[in-house]
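The values are calculated or read from the model by the stated rules, or taken from the named source; none is laboratory data. Quick caveat, the model's predicted, so the values are computed rather than measured. A quick note on method: Cβ atoms are made from the backbone with ideal geometry, for glycine too, and the neighbour counts reach across all protein chains shown.
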Amino acid sequence: MATQSPFFGKRDRDADSLTSRPAPLVGSGTNLSGTPVTPSGLSAQSASAAAAVKEGGSKLTVGPNIKLKGVEITDCDTLVVEGLVEATMDSRVMQIAEQGAFKGSAEIDIAEIRGLFDGNLTVREKLVIHSTGKVTGKIRYGKIVIEEGGQLSGEISFGTSAGSSSASKPALQAAA
């Protein structure tokens, strides 16, 4: 016969006691560096990318020191490149980290480039090139944001349709 320890109260196995506990508080605010964060712990900048991931859910992360070559990436909502990817893809969101590189062809809704992209890039909605990013090749975009230090060169055109009547713009290179 088991005896109950005086240090611990009786367990209540009633289902009501499990559901009546308050949920832990999760709020938005800032992290230690002062960056705004959302309840999921992501910075406000990547909140839109996180929302895209939550909607569709399929995410592929190619980690640092990983090389993925000669593939066609399909049915991927978000691609995060921290290593090297040589591929063809059609996706919703692409994020290339500072140490990441993508070579090949990509059709993307939103591209966020902190590393290197070389090839054919069509961004249907918004292309963001951060200060450490370098994009070269044939680039078509809907909207573009280039931080100071970001580089863009090659055949650049506004509009994402292949038969776009808008003239090609000359290569742009941001001064470092």
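Of all residues in region 97-156 being aromatic (Phe, Trp, Tyr) and touching a Phe, Trp or Tyr at 6+ places or on another chain (Cβ under 6 Å), which is farthest from VAL81 (Cα to Cα)? Ranking the candidates gives PHE117 first.
Consider LYS126 carefully, then state whether it is farther than 20 Å from LYS59 by Cβ and in a strand (DSSP E or B). Taking the combined requirement at face value, the residue does not satisfy it.
Each residue in region 103-136 was checked for being farther than 17 Å from ASP75 by Cα and in contact with a Leu (Cβ under 7 Å, 6 or more places away or on another chain), and 3 of them qualify. As an exercise: evaluate GLY133 against (1) closer than 17 Å to SER105 by Cβ; (2) modelled with pLDDT of 95 or more; (3) among the small types (Gly, Ala, Ser) and give the number of the one condition it does not meet. Here GLY133 clears every test but (1).
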